[in-house]
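Each remark here refers to the structure printed beneath this line.
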Amino acid sequence: MFELIFLGTSSSAPSVHRGLSSHIILHRQHRFLLDCGEGTQRQILKSGLGFKRLNKVLLTHGHLDHILGLGGLVSTLTRWENLDQIDIYGGRSTLNRVGNLLHKVVFPGIKPPIDINMNVLKPGIIMEDAKFSLSAFPVNHRGTGCFGYMFLEKARRPFLAEKADELGVPFGPERAQLVQGKPVTLADGRIIQPDEVLGELIPGTKYVHIGDIGSIDDSIVEVCKNANALVIESTYVDEEAEMAQQFGHMTAAAAARLAKEANVKTLILTHLSRRYFERAVRQEARSIFPDTFVARDFDHFQITKDNTIRVENPGQFEE
């Protein structure tokens, strides 16, 4: 399962109800901050999540509404939190801009009190453990070095306990070895192969996050294919599609068409312009792809293989 908390859902500039782009993704022991617009650290405090273990930052691109909050946040983390390092991931041009912000403004002429690691992204897996992988993929927006991210739980084969009982496999390390795909030899000399006690392969949960993007091609459709949840910007509605194209952004309808073509289960729209009411964005997308949410600040989504649940904040505004 992946948990997603929206901290900011506005585009370009904040509104009364929406902060600038920022999200926290939780998976087991991992915590990721994805983008960091102005005011993010206050949004983190309001969300109740706090700063503990928040040492991995994923950036979609280098526009100020996605990175300007890093100055204050990193300053706070280095002074008040018990962190040894912060890992920041992004395209080369994005990290150059972040480096200028941190080293010329936040820590001018001094060594930061903790290690700040700038990790230049290349397409492919950037982090992996036994349970999941995190990949980056290029997207087309204004400028170079723009990326989206795919969070993918690894496929697994369920252990068939009844079958193991029938074969006389004892409880203990033998069963653990079979789960790991290793054969075991029983006390009577019989060799039990993993295929005898493991079920069919079950795909893991797939969550795709795309920030600002101006056009969709076959590679984007392929990345999004069969995702359990897709988060993507929706800065414009279709009546202003020409303006969206001019500034390298998506309309609600275009995002919905992508979700439909890629056989996505749930679509979540963010990065809304102050030009529109939420309901106009939602109605346009749902006319094409019914399983659509429009995110609000502090919305909390639980993403599993079976469904995506929106945990409503009862104090939120209505648009």
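The values are calculated or read from the model by the stated rules, or taken from the named source; none is laboratory data. Just so it is clear, the model here is predicted, and its values are computed rather than measured. We place every Cβ from the backbone using ideal geometry, glycine too, and count neighbours over all the protein chains shown.
What the table below lists for this structure:
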{"quantity": "Any hit, segment 129-143, residues being loosely packed, with under 15 Cβ neighbours inside 10 Å and not in a loop (DSSP other than H, G, I, E, B)", "calculated": "no"}
{"quantity": "Segment 21-39, residues that are under 24 Å from K206 (Cβ atoms) and part of a loop (DSSP other than H, G, I, E, B)", "calculated": "S21, R28, Q29"}
{"quantity": "Verdict on I191 being in contact with a strand residue (DSSP E or B) (Cβ under 6 Å, 6 or more places away or on another chain) and either touching a residue at least 40 places away in the same chain (Cβ under 8 Å) or farther than 26 Å from L7 by Cα (or both)", "calculated": "yes"}
{"quantity": "From the options E200, E196, E174, residue that is charged (D, E, K, R) and under 31 Å from the mean Cα position of the chain (by Cα)", "calculated": "E200"}
{"quantity": "Set V57, V98, V74: member being farther than 26 Å from K225 by Cβ, under 15 Å from the mean Cα position of the chain (by Cα) and surrounded by 19 or more Cβ atoms within 10 Å (Cβ to Cβ)", "calculated": "V57"}
{"quantity": "Residues located in segment 179-193, provided they are at pLDDT below 90 and surrounded by 11 or more Cβ atoms within 10 Å (Cβ to Cβ)", "calculated": "V179, G181"}
{"quantity": "Strands (runs of 3 or more DSSP E) completely within segment 40-121 that count 3 or more residues being under 25 Å from D297 (Cα atoms) and not assigned by TED's automatic domain parsing to the domain that holds M150", "calculated": "none"}
